[in-house]
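Chemist: Here you go, one structure.
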């Protein structure tokens, strides 16, 4: 789960991470009020959407105008720029051409920026440890730095037994070229960010840029936080920060039914039990010349109702021209899947080709249910056969 910049800064501030003062606004008038309360002479008005590249982005109705992050020098300018941004669609390289509508802003006090650095925390799968990534190249994408100048990145893995230690933070501070009182400030900053990461069950904490001010202070000028969905039950306050308007409606609906769903750009819908089998199914669809429209894992213990919900979810995508159901019945019984497929096909008035491959527990009964349904469901003997049949069916329909 992702949250907005202002929400991330509020959480990090509670852990002792230094952030500039600011306030959220939903109208131009509220933006001016926040600016007056902060005091001048410089403010930054920031669009709050779940996407990076806001400053370099452009609004759909004014592609030659200013971006989604603006530095202004009067309260009147704050209000004017807020009005130009709120309720308008901002397009960045991360939103795609559709962009995202700006429904809230963050008005922040200006900062005297002397240096821009990068700090990120994530779980490194190779080491199985929380790893701190830092670079002197702040304000730009860390992937670009890793590609062009990898020597400018330092990584420090933290042993979960000992937790973060002084030598960890000092190593990072020195690698960033900090000196004097900046080292102590950075050490406190990094230790606080690590504590927030661990205690809030974060997937990512990214500070880009981390700045050094003219007076030598260390501040998080921007902040991004993402959380492990599986741990949100432990953090009701964090879960309450979710902004469903920033998420795909289909993925929200999938979550309500305990389905793992990700929309893709293809035209063959997939319903599979198990993430690994789902990945293999998408791969073999591509191997046979098709394009998967989604990743959808119904889980190992799906009910008839969940299968029906999954079927409806796939068909809610107007790009879907065919569906491949691939089920291996271990914990999941093939007859339950078959009943769900039949019920869903009847309820939504199936209008696209459907190929079903069943294997495992109660497979014979499952195939009998499909065959006796009277619906135009094509059975497949194995995964290759299923992929071949659904791709051929979609091509035939298109012709």
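Chemist: Taking the Cα centre of each part, how many Å lie between segment 142-195 and segment 345-399?
Modeler: For segment 142-195 versus segment 345-399, the Cα centre distance is 54 Å.
Chemist: For segment 21-118, report the % of Cα-Cα distances exceeding 20 Å.
Modeler: Percentage above 20 Å: 34.
Chemist: Sort 384-392, 181-189 for me by packing, meaning the mean count of neighbouring Cβ atoms within 10 Å per residue, highest on top.
Modeler: Order by mean packing, descending: 384-392, 181-189.
Chemist: Shifting gears a bit: Hey, what's the Cα Rg ratio for segment 331-376 versus the globular rule of thumb, 2.2 N^0.38 Å? Mind showing how you got there, number by number?
Modeler: On the way: Rg = 10.3 Å, N = 46, 2.2 N^0.38 = 9.4 Å.
Normalised by 2.2 N^0.38 Å, the Cα Rg of segment 331-376 equals 1.09.
Chemist: Based on other C-beta atoms within 10 Å, arrange 372, 335 from fewest to most.
Modeler: Lowest to highest Cβ neighbour count: 372, 335.
Chemist: Calculate, in nm to one decimal, what residue 188 and residue 124 gain on full extension: separation in residues at 0.36 nm each, minus their alpha carbon distance.
Modeler: 20.8 nm
Chemist: Which number do you get for Rg(Cα) / (2.2 N^0.38 Å) in segment 233-309? Don't skip to the answer; put the middle values down first.
Modeler: Numbers: Rg = 14.3 Å, N = 77, 2.2 N^0.38 = 11.5 Å.
The reported ratio for this selection is 1.25.
Chemist: What angle do you read, to the nearest 10 degrees and between 0 and 90, between the alpha-carbon axis of helix 304-315 and the longest principal axis of the chain?
Modeler: Roughly 70 degrees between the two axes.
Chemist: Hey, how much of the P(r) for segment 43-176 falls beyond 25 Å, as a percent of Cα pairs?
Modeler: The answer is 45 percent, as a whole percent.
Chemist: Any idea how far apart residue 161 and residue 258 come out in nm if each label point goes 7 Å out from Cα toward Cβ?
Modeler: 3.7
Chemist: While we're on this one: What Rg and what Dmax come out for the chain when only alpha-carbon atoms are used, in angstroms?
Modeler: Rg and Dmax of the chain, Cα atoms, are 25.3, 79 Å.
Chemist: What Kirkwood Rh does segment 249-398 have if only Cα atoms enter the pairwise 1/r average? Answer in Å.
Modeler: Numbers: mean 1/r = 0.0682 Å⁻¹.
Every distinct Cα pair counted, the radius reaches 14.7 Å.
Chemist: In addition: Could you give the alpha-carbon Rg of segment 176-303 over 2.2 N^0.38 Å, rounded to two decimals?
Modeler: Ratio of Rg to 2.2 N^0.38 Å for segment 176-303: 1.50.
Chemist: On a 0 to 90° scale, report how tilted helix 275-287 is relative to the longest principal axis of the chain, with both axes built from alpha carbons and the result rounded to the nearest 10.
Modeler: For 275-287 against the chain, the angle is about 70 degrees.
Chemist: Going by Cα centres, segment 211-289 and segment 92-108 are how many Å apart?
Modeler: 18
Chemist: Determine the percent antiparallel among the DSSP beta bridges restricted to the chain, to the nearest 5.
Modeler: 75
Chemist: Determine the gain in length on full extension of the stretch residue 239-residue 288; use 0.36 nm per residue of separation and subtract their C-alpha separation, reporting nm with one decimal.
Modeler: Gain on extension, residue 239 to residue 288, equals 13.5 nm.
Chemist: Across bins of 5 angstrom width beginning at 0, how are the C-alpha pair distances of segment 113-239 distributed, in whole percent?
Modeler: 2, 11, 21, 24, 21, 13, 6, 2, 0
Chemist: On to the next question. Taking the chain as the reference, fit the longest principal axis to its C-alpha atoms, fit the long axis of helix 75-85 to the helix C-alpha atoms, and give the angle between the two in degrees, 0 to 90, nearest 10.
Modeler: For 75-85 against the chain, the angle is about 10 degrees.
Read the figures in this text as sums done on the coordinates, not as results from a lab. Please read all numbers here as calculations on a predicted model, not as lab measurements. Methodologically, a virtual Cβ is constructed for each residue, glycine included, from the backbone with ideal geometry; neighbour enumeration extends over all protein chains shown.
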